[in-house]
Structure formats: C-alpha cells, structure tokens
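Some notes on the structure that comes next.
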Amino acid sequence: MIKPKKILLQTTIPTTEDDWSIARFGKLAALLRDARDESSNALYEVTARDREPPGKPDSVLSTIDQSDIDELWLFAVDTGDGLTEQDCAAISRFRKNGGGLLVTRDHMDLGSSVCTLGGVGKAHYFHSKQPDPDVSRRKRDDPYTTDIDWPNFHSGANGDFLEIEVVGDAHPVLAKKGSRASIRFLPAHPHEGDIGAPKEEGARVIVKGKSKATGADFNISVAFEPGEHGGPAIAESTFHRFADYNWDPRSGCPSFVSEKPGDGLQRVPEAMADTHLYALNIAGWLSGDFGTRKTTHDATLTGAIQGG
C-alpha cells in the first residue's frame, strides 16, 4: 500500500473565530482528504492548523524542515507579524530540502510576513514591504472598498468566478485529466494581491486574470519548478482562491467583510469543478507524484464537495 503524502494547511494567525482562521478552509481540507487513487487509497493525509500566539517561533513551522511533511500550504492572513525569523528560515530549508510549498496572501499588506521566505517570498509584492518593481502597478484597482490601497486587483465578487488567461505552455496544475484543454475558471475576489516571477529563482507566471473594474491584467499564480533552488512551489495572489466563503458564501465570513457576495460558483458546475481540480492538481504537483499515480478524480471530481 502506498502511503499518503502529508499536507499541512497552515495559517499565520492564532485561532480567532472572527478572522480567516484555518476553520474557514474546511472545504479544501475535506477535498484533499477525500482524494483517492484508482485502488481507493487515500492520496493525502491532511493536517490543518493555525499558528501559535505570535511573538515567538511556532513549534511546528520553526521545525518543519525536520518533519515528515511533504507539502506546506501557507495561508498568510496576518498583518505583518505572522512569521518569525526562525519560522521563515525553517520553511525556506524545508523547500530547499525538496518539500513542496504553496504561499498565498491577499491585498495591500495582508500576509506581508512572507517576504523573507527564501525564493517564494520574493514573488509577493505588498504596499509597505517589497512593492512591485513595476511602478505603474502601484495604484488602487478596486474602486469600491476605498479603505484598501494597492495592491487590490478586482477580479469579481466573493462567490463568483473569473475566466483566467493561461500564460505560455499550460502548466500541469492547469491540466484536465484525459483532455488537452486547461482549466478556464477560478474563484474571484474583489481585491487580490500582487505577485511576480523572480527571474533568478527559475519561476514563471502561469496564470493571469483581468480586473473587472479597470481592465488591468494581474498575475494570479507563479510556479517555481523543482531543481537547484529546492522543491516545487506556487505563489498565489489571494488565499480567497481556497476559502470556504469563496467556494460557497453560505459558509459565512468574518464580520469585517463588507462586499456583497455572488453565487456564480454555485450556479455554474464547470467553474466549481475547475476550482476543485486546480486545488487537487496543485496538491499532486507539489507532492512530486503528479502524472505518476493514477487517481479517480477528473474534471467532474467524483465525490467532490459541491455546495456542502
């Protein structure tokens, strides 16, 4: 029997009911836990946790390079203090040792503690830290939520979806099983963050979106191929791509979310299927098993958790 790969879903804040704690990513955790190969073996063993109180190294993150975890999905939902120097150093060593890493954040300075992560941290641009080197992109894109400054690309309402642009040759995380077609739709968000591809890290932009407010294009996903810099990695423009509220707004959200949600993902099965497939493809690619282990999921995602 093949052992399941171990995935850690991790936020950068302590457990807080009225915030983006790990409980708000329960649909993603369930999707990954339910994934099976053709022999009905579980593909992944998933641990989902929030960080310990800030101000000192987190006991798991600061030693992750010494663990048996295969991939880390890091949801940077803090305002700048979510990772200590020791946490960042251990996560950087984890990837250097071959571990798979997804790092995602949100608008303005939300999640800016990831800046010092080796390699992947350089892909994330914020308002006060590590701003986009392209000065023309340092402007407010979302005109509706005026208390949020750049970066804040408006791809649509929470609960709706956007049609993505595949950049260059379609990356494996965009593949549809048994088809030459690629994923077309992903969850939208009113104010996405800003990411780029550090040239010295062997990274490239693989997905772009277009603002529904200004028509500006923005980067959604950057892939770091495994090699001399370490294991495979993904930088993602917003953690809302994976949040329960974005997959189904009936799941609820923190009280500070003021924008009216949509229901596009619940109305359009293809968009929801693409969303699930994207997450499963990322998990497979980060684990190093992508394309080598036959699975039971396809574009229809048998057993996926639509609406529930």
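The values are calculated or read from the model by the stated rules, or taken from the named source; none is laboratory data. All values derive from a computational prediction rather than experimental measurement. When we count neighbours, we look across all protein chains shown, and the Cβ atoms used for this are built from the backbone with ideal geometry, even at glycine.
Some observations on this one:
- Across region 40-58, a minimum of one residue is classified as in a loop (DSSP other than H, G, I, E, B), in contact with a helix residue (DSSP H, G or I) (Cβ under 6 Å, 6 or more places away or on another chain) and over 18 Å from Phe242 (Cα atoms).
- Residue pairs meeting the criteria (Cβ under 7 Å; at least 6 apart or on separate chains; first on the phi < 0 side of the Ramachandran plot, in region 13-40; second acidic (Asp, Glu) and part of a helix (DSSP H, G or I)): Arg24/Asp244; Phe25/Asp244; Gly26/Asp244; Lys27/Asp244
- First in region 216-232 and among the charged types (D, E, K, R), second anywhere and in a loop (DSSP other than H, G, I, E, B) and surrounded by fewer than 24 Cβ atoms within 10 Å (Cβ to Cβ), Cβ under 8 Å, 6 or more apart: Asp217/Ser211; Glu225/Gly202; Glu228/Gly202
- Residues located in region 262-293, provided they are among the charged types (D, E, K, R) and at pLDDT 95 or above: Asp263, Arg267, Glu270, Asp274
- Of the criteria (1) modelled with pLDDT of 95 or more; (2) surrounded by 18 or more Cβ atoms within 10 Å (Cβ to Cβ); (3) over 30 Å from Asp65 (Cα atoms), which one Glu163 fails: (2)
- Among the residues of region 195-210, those that are in contact with a helix residue (DSSP H, G or I) (Cβ under 9 Å, 6 or more places away or on another chain) and modelled with pLDDT under 95 comprise Pro198, Glu200, Glu201.
- Among the residues of region 149-172, those that are without any contact (Cβ under 8 Å) to a residue 40 or more places away in the chain and in a loop (DSSP other than H, G, I, E, B) comprise Gly168, Asp169, Ala170.
- The lone exception for Ala123 - which of (1) over 20 Å from Glu225 (Cβ atoms); (2) crowded, with 21+ Cβ neighbours inside 10 Å; (3) of a type in the set (Gly, Ala, Ser) it fails: (1)
- Residues (modelled with pLDDT under 95 and assigned to a loop (DSSP other than H, G, I, E, B)) located in region 1-39: Met1, Ile2, Lys3, Glu38, Ser39
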